[in-house]
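Right, one structure below, let's go through it.
The values are calculated or read from the model by the stated rules, or taken from the named source; none is laboratory data. From a predicted model like this one, the values you see are computed outputs, not experimental measurements. Positions of Cβ are backbone-derived with ideal geometry, glycine not excepted, and every protein chain shown enters the neighbour counts.
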Amino acid sequence: MIGRLIDGRYRVRSRIARGGMATVYLATDLRLERRVAIKVMHGHLADDSQYKARFIQEARSAARLAHPNVVNVYDQGQDADTAYLVMEYLPGITLRDLLEEHRFLTTDQAIDIMEAVLSGLAAAHKNGIVHRDLKPENVLLADDGRIKISDFGLARAATAQTATGNALLGTIAYLSPELVTRGVADTRSDIYAVGIMLYEMLAGEQPFKGEQPFQIAHQHANDTVGVPSAKNSAVPTELDELVLWATARDPDQRPRDATTMLEQLLETQADLKAQGADEHASQAQTAVFPQRTMVLPSPTAQTTAYAGSTADATQVIRPPVRHRTGPVVADSTTALAAKSAKRKARGFWLFALVLILAALAGGTGWYFSNGPGALVTVPAVSGESVESARQILTAAELTVADATRDVTDPSIPAGQVVGVDPESGAQLEREASVTLLVSIGPAQLPVPAVASLPEGDAVAALRDAQFTTTDSTTEFNGDIDEGLVIRALGSDGTDLATVPTYGEQQPVTLVVSLGAVPDVAGMSIDDATATLESVGLIAEEGARDYNESVDRNVVVAGVPRTDGAVRPGDTIDLQISDGPAPVTVPDVSGMTRDDAVAELEALGLTVSYNPLFTPFGGALVTGTNPEADELVSRGSNVALYLQLLG
């Protein structure tokens with residue numbers, strides 16, 4: 001693959017990483033002249049529709065997220081037999097690399113990384129996406145301090161809780177108990193994986209170990225995760241409690257989504273700062289970790305920073321490390337260790353009890369899933385027609401209100417369904433009433449004036465005004481300096497300066513000036529051609545004509561072949577001079593010498609004769625050389641034949 005040009009656009013430079021499903025390469029986007037990471041599915045999987053669907057799902061899942069802590073997906077496609085995914089390139093390391101280099105992370109480092117991971121995960125959960133494969137390998141730590149989540153290849157809709165044959169495709173060390181035992185994954189399953197990662201960062205190892213994957217899975221399903229302070233006494237009580245909350249075996253006992261856990265993390269961080277830091281502990285751990293891991297701002301600040309700059313990213317500082325100031329979760333470490341030992345001792349009879357409880361749980365599950373006590377999940381109907389959405393909701397045993405509610409939406413065409421109230425994924429009783437939300441198109445917003453602004457300023461102004469921008473086009477304009485915007489065009493080519501409003505998040509194309517078309521008058525043909533080609537124009541020889549003031553084979557003017565704006569790639573016809581027009585030698589025979597000289601010189605010709613034989617101006621002309629009626633160039637000499645005096 002190295003050196004290959006994919007889809008005529010992406011030049012593969014080197015290999016970054018290789019996984020079970022695909023290999024990631026560093027490539028150059030030749031169209032936009034930027035480095036990208038391109039993920040190429042292994043050739044032997046290209047014919048497997050299941051793997052190809054996962055590959056496409058990764059692109060769609062990540063593309064729905066526009067967040068500073070989620071790796072951007074730019075493109076996805078198929079080149080011959082190669083399925084590929086184009087992503088943002090982040091030079092740096094993974095969280096796994098950091099953990100292998102430093103067994104323990106400081107409290108501040110762990111909190112900073114968790115804040116970034118939970119911020120990106122919260123955006124996914126809000127968009128109805130469950131990652132399902134969170135692990136340190138999928139947390140990228142860029143050289144510039146950004147922290148991002150990657151690899152949404154196993155992502156599914158948050159409401160799709162039914163198990164499939166791929167339910168256990170995630171890394172076994174981070175799988176939640178419900179995913180191991182029932183193949184069910186929702187937002188709380190991601191929280192469990194986050195809790196395991198937090199434990200690993202603080203404790204320096206994973207909570208469950210085993211020689212075989214099924215042994216680890218059995219521990220996830222049956223054992224309780226301990227507190228990290230049992231392995232690292234520097235871990236404060238508050239983080240012990242956060243780990244226990246996130247890794248509770250019962251999903252109902254965990255945070256319901258990443259937003260909930262992020263709020264608690266930030267509150268915990270504030271509490272720890274309020275308690276103050278132990279300087280001795282800070283100095284001891286600073287020797288191991290000389291710099292604090294840099295992260296993006298908090299979720300509230302990130303939304304603003306993403307559209308503007310990253311100037312408020314967390315700076316590199318030396319972190320304090322806090323000693324615990326009270327008992328470890330009220331001696332919960334000792335209590336949990338004791339419970340774990342007892343649980344292992346009575347493992348055999350407990351297994352029988354688990355079978356009994358499983359049977360009871362199965363009966364209870366039937367009652368609430370398929371029996372009289374079952375709740376109905378509101379299906380997703382976004383993008384459907386009103387009639388189709390009504391049919392889908394009715395088939396789901398819900399009652400659809402006759403009246404719909406109009407809402408604006410930047411991506412769903414007017415007349416199609418945006419969503420439903422209560423929202424998709426909600427659990428309702430059978431025959432509960434829901435209301436369809438129908439798009440009336442994007443909200444109409446005023447368009448800022450961007451003509452004559454530098455291109456970068458115009459792009460920023462349009463994005464601040466809630467519009468999207470496409471790749472700019474260029475044209476030559478003698479009235480506007482190079483690099484300044486000539487006009488902004490809507491998706492249908494309308495000059496947005498002529499309309500009062502434009503749709504929210506709709507694409508805007510900027511037309512940027514290249515300055516005036518170069519003036520090639522007075523140049524040679526070769527020089528004029530080189531000058532025009534240097535700015536992307538095509539020069540062709542056009543009409544030739546006589547010109548009294550321009551030498552032969554010199555360009556008189558360059559004339560655009562198009563009647564409208566001149567753009568790179570257009571043709572310029574070169575008008576070329578043939579020099580002054582030729583002169584017809586007049587018949588001056590019979591005229592006196594002086595009269596003939598006067599007439600010939602008036603035509604721009606020079607005259608010669610032998611003054612020795614004709615000393616008087618009154619001598620008569622008998623002929624000329626060249627002869628009368630011949631064409632000669634201006635400035636040519638005409639010799640007079642004169643009558644000899646006798």
For A557, work out the one condition from (1) within 30 Å of A628 (Cβ to Cβ); (2) in contact (Cβ under 8 Å) with a residue 12 or more places away in the chain it doesn't fulfil. (1)
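Based on what the data block shows, is I486 modelled with pLDDT of 95 or more and either of a type outside the set (A, V, I, L, M, F, W, C) or not assigned by TED's automatic domain parsing to the domain that holds L532 (or both)?
Against the criterion (modelled with pLDDT of 95 or more and either of a type outside the set (A, V, I, L, M, F, W, C) or not assigned by TED's automatic domain parsing to the domain that holds L532 (or both)), I486 qualifies.
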Scanning for something at pLDDT 50 or above and assigned to a loop (DSSP other than H, G, I, E, B), does the range 298-317 turn up at least one residue? no
Look at L612 and say whether it is of a type outside the set (K, R) and at pLDDT below 90. yes
Candidates L496, L484, L462, L453, filtered to the one that is within 19 Å of the chain's Cα centre (by Cα) and either surrounded by fewer than 18 Cβ atoms within 10 Å (Cβ to Cβ) or of a type in the set (A, V, I, L, M) (or both): L462
Taking only the range 7-29 into account, find how many residues are modelled with pLDDT of 90 or more, among the aliphatic types (A, V, I, L, M) and over 17 Å from T94 (Cα atoms). 2
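Give T622, T529 a once-over and let me know the one that is assigned to a strand (DSSP E or B) and in contact with a Leu (Cβ under 8 Å, 6 or more places away or on another chain). Walk me through it before giving the result.
Working: T529 fails: assigned to a strand (DSSP E or B).
The unique qualifying residue is T622.
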Note on G558: of the conditions (1) within 30 Å of G635 (Cα to Cα); (2) loosely packed, with under 13 Cβ neighbours inside 10 Å, unmet is (2)
Just one of (1) closer than 30 Å to A557 by Cα; (2) touching a helix residue (DSSP H, G or I) at 6+ places or on another chain (Cβ under 6 Å) trips up S633, so point out which. (2)
Filter the range 401-433 down to the residues that are farther than 18 Å from G128 by Cβ and either among the hydroxyl-bearing types (S, T, Y) or over 38 Å from the mean Cα position of the chain (by Cα) (or both) and list them by number. A401, D402, A403, T404, T408, E429, R430, E431, A432, S433
Taking D409 as the residue in question, decide whether it is modelled with pLDDT under 95 and either within 30 Å of D519 (Cβ to Cβ) or assigned to a strand (DSSP E or B) (or both). no
Surrounded by 18 or more Cβ atoms within 10 Å (Cβ to Cβ), assigned by TED's automatic domain parsing to the domain that holds R96 and farther than 26 Å from T107 by Cα - does that describe any residue in the range 201-218? yes
Taking the options V638, V588, name whichever one is of a type in the set (V, I, T) and not in a loop (DSSP other than H, G, I, E, B). V638
Members of the range 19-35 found to be part of a strand (DSSP E or B) and surrounded by fewer than 19 Cβ atoms within 10 Å (Cβ to Cβ), listed by number: T23, L26, T28, D29, R34, R35
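To keep it simple, each residue is scored yes or no on (1) hydrophobic (A, V, I, L, M, F, W, C); (2) within 20 Å of D527 (Cα to Cα).
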| position | (1), (2) |
| --- | --- |
| D545 | no, yes |
| V550 | yes, yes |
| V556 | yes, yes |
| G569 | no, yes |
| S589 | no, no |
| A598 | yes, no |
| L603 | yes, no |
| T624 | no, no |
| E630 | no, no |
Tally of residues being at pLDDT below 90 and among the charged types (D, E, K, R) across the range 553-577: 1
For the range 536-555, give me each residue that is among the β-branched types (V, I, T) and either assigned to a strand (DSSP E or B) or surrounded by fewer than 13 Cβ atoms within 10 Å (Cβ to Cβ) (or both). I538, V554, V555
Scan the range 448-465 for residues that are without any contact (Cβ under 8 Å) to a residue 40 or more places away in the chain, under 17 Å from Y502 (Cβ atoms), among the small types (G, A, S) and assigned to a loop (DSSP other than H, G, I, E, B) and jot them down. A465
